[in-house]
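Take a look at the structure below.
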Amino acid sequence: VYEEIFCFEIIKENIAFERQKAIPLIHQTIKLDAGFRADLILENKLLVEFKSIELLADIHYKQVQTYLKLANLKLGLLINFNVVYLKDGIKRIVNTY
């Protein structure tokens, strides 16, 4: 639901995005075209991952960092909608390569 509404609002603002974007994974001789899926990638610059959980854990931050590295992107947002104030659920993650 959150992803759907978010995309609806992005379309209204004419922002280019890809939804459920496949992120390839290569390990030695194995290549997976869709090793992972990012919830959204905006303007080929910003990766957005949605959650609706009681508490974000370290693994959720690591998930976004992994996606950023594999997608060769620098900036990501981890958004948890299960908070009283949405601003408290938005975490910025930077890929330092």
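The values are calculated or read from the model by the stated rules, or taken from the named source; none is laboratory data. If you're wondering where the values come from, they're calculated on a predicted model, not measured in any experiment. Ideal geometry is used to build each Cβ from the backbone, glycine not excepted, and the neighbour counts take in all protein chains shown. These accessible areas exclude ligands, DNA and RNA; they are computed on the full protein's heavy atoms, side chains included. Shrake-Rupley method; radii C 1.70, N 1.55, O 1.52, S 1.80 Å.
What about A38, is it assigned to a strand (DSSP E or B), touching a residue at least 12 places away in the same chain (Cβ under 8 Å) and exposed (fewer than 13 other Cβ atoms within 10 Å of the Cβ)? Judged against the criteria, A38 is not a match.
Residue count for the stretch 46-88 satisfying the condition of being more than 11 Å from the chain's Cα centre (by Cα) and among the aliphatic types (A, V, I, L, M): 9.
Do we have K91 as within 13 Å of the chain's Cα centre (by Cα), open to solvent by 40 Å² or more (accessible area, probe 1.4 Å) and of a type outside the set (S, T, Y) here? Yes, satisfied.
Would you pick out the residues in the stretch 8-18 that are open to solvent by 90 Å² or more (accessible area, probe 1.4 Å) and either of a type outside the set (D, E, K, R) or at pLDDT below 95 (or both)?
Those that are open to solvent by 90 Å² or more (accessible area, probe 1.4 Å) and either of a type outside the set (D, E, K, R) or at pLDDT below 95 (or both): F8, I11, N14.
Can you tell me which residue in the stretch 41-87 is farthest from V1 (Cα to Cα), limited to those that are assigned to a helix (DSSP H, G or I) and open to solvent by 80 Å² or more (accessible area, probe 1.4 Å)? Result: K69.
Among residues of the stretch 8-23 being of a type in the set (K, R) and not in a helix (DSSP H, G or I), the one that is farthest from N72 (Cα to Cα) is R19.
Given I5, I26, which one is open to solvent by 80 Å² or more (accessible area, probe 1.4 Å) and part of a strand (DSSP E or B)? Checking each option against the conditions leaves just I26.
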